[in-house]
């Protein structure tokens, strides 16, 4: 993922980089690194990013939410209901034992080295405070080499373990990538938005929306986010020059829209991201409300009553972008905010 619009005035060397964002975790890596594995679970997940070509370097990130990781008993559920009813604050989250969690990781890594008859050694730095984080840096050498960090964040209550792994002889390359990774790595969003960035896509979505569905195909990306009954749909198609020989953007959206667009008011907007956007807005028709109810699995929480959708062609990247949303009428600015935070080139 290339640098954002506001960052393109920086020196050229700053542009050759990859921006990755997933489930609130985000980082910056050297150019042309690719996401090769990820988790759909926000509270207990992982992310893997590989070096380009045949490079052996890999970035591995794992996280879990301490506040939600322990089993929930009937007492816990009842106590939570009482707290909400009485408006009492949540009990404080007990910080985890970082060293014990790191030792577990290194023991598993050491076992892999022993199975290949390779000596294993690790260097663990003292625990230290980094503002909202408590962190430990570490390195290890065995059947491979790794450099990383484990931390606990008092803001999002996540434990995060990130490391760069490669061949034993790649100490210099591992150190350079680890420096860039650790300097940019974050475990939660900013200003109420999460960054979602992979495969040259970059968009920010309100952090209380959760990823519900994804399709990541060659030439087509689809992400769907949910907040109660509300939904945001993001679609991106490649080879726009070929598509637009047969269809206009309006026609393309009509063929792929989540609703019958003939019922909605159409306007043209050029005030959001520098492209002309065909924009549709209106009150959800009965069929749209039925679909929203079905996709919300029967939940009436934050049930939507309005539709907002728009499509544009980015001639710089040769891609078509469409963002649609089922929202409450009072939340339609969520659509505008997501479009403004979509970097299409």
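None of the figures in this text is laboratory data; all of them are computed from the coordinates on show. Just so it is clear, the model here is predicted, and its values are computed rather than measured. Using ideal geometry, Cβ is built from the backbone for each residue, glycine included, and neighbour counts are taken over all protein chains shown.
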Residue exposure sequence - 209, 326 - by fewest surrounding Cβ within 10 Å: 209, 326
The chain: angle of helix 171-184 to the longest principal axis, Cα-based, in degrees nearest 10: 50
Nearest 10 degrees, 0 to 90: helix 98-115 Cα axis against the chain principal axis: 70
Separation of alpha-carbon centers, the stretch 244-275 and the stretch 18-64, rounded to whole Å: 33
Cα-based helix-to-principal-axis angle, 286-295 vs the chain, degrees rounded to 10: 10
Shape category assigned to the stretch 206-343 from the gyration tensor of Cα positions, a/c cut at 1.5: prolate
Whole-Å distance, taken between Cα centres, linking the stretch 164-240 and the stretch 304-345: 18
Ordering of 19-30, 164-175, 94-105 by packing [mean C-beta count within 10 Å, highest first]: 19-30, 164-175, 94-105
Highest-fluctuation residue, 43, 235, 333 considered, GNM on the chain with Cα pairs under 10 Å: 333
Helix-only [θ]222 nm of the chain, DSSP H runs n ≥ 4, -39500 (n - 2.57) each, per residue, nearest 500: -6500 deg cm²/dmol
Förster-model FRET efficiency, 45 Å R0, residue 250 and residue 154, C-beta, rounded to 0.05: 0.40
Residue 60 paired with residue 276, simple spin-label distance in nm, labels 7 Å along Cα-to-beta-carbon: 5.1
Cα gyration tensor shape of the chain, rounded if a/c is under 1.5, else prolate or oblate by comparing a/b with b/c: oblate
Pairwise Cα inverse-distance average, inverted: Kirkwood Rh of the stretch 135-245 (Å): 17.1
Residue 190 versus residue 119: modelled label distance in nm, points set 7 Å from Cα along the beta carbon direction: 4.4
Prolate/oblate/rounded call for the stretch 207-273, Cα gyration tensor, a/c under 1.5 rounded: oblate
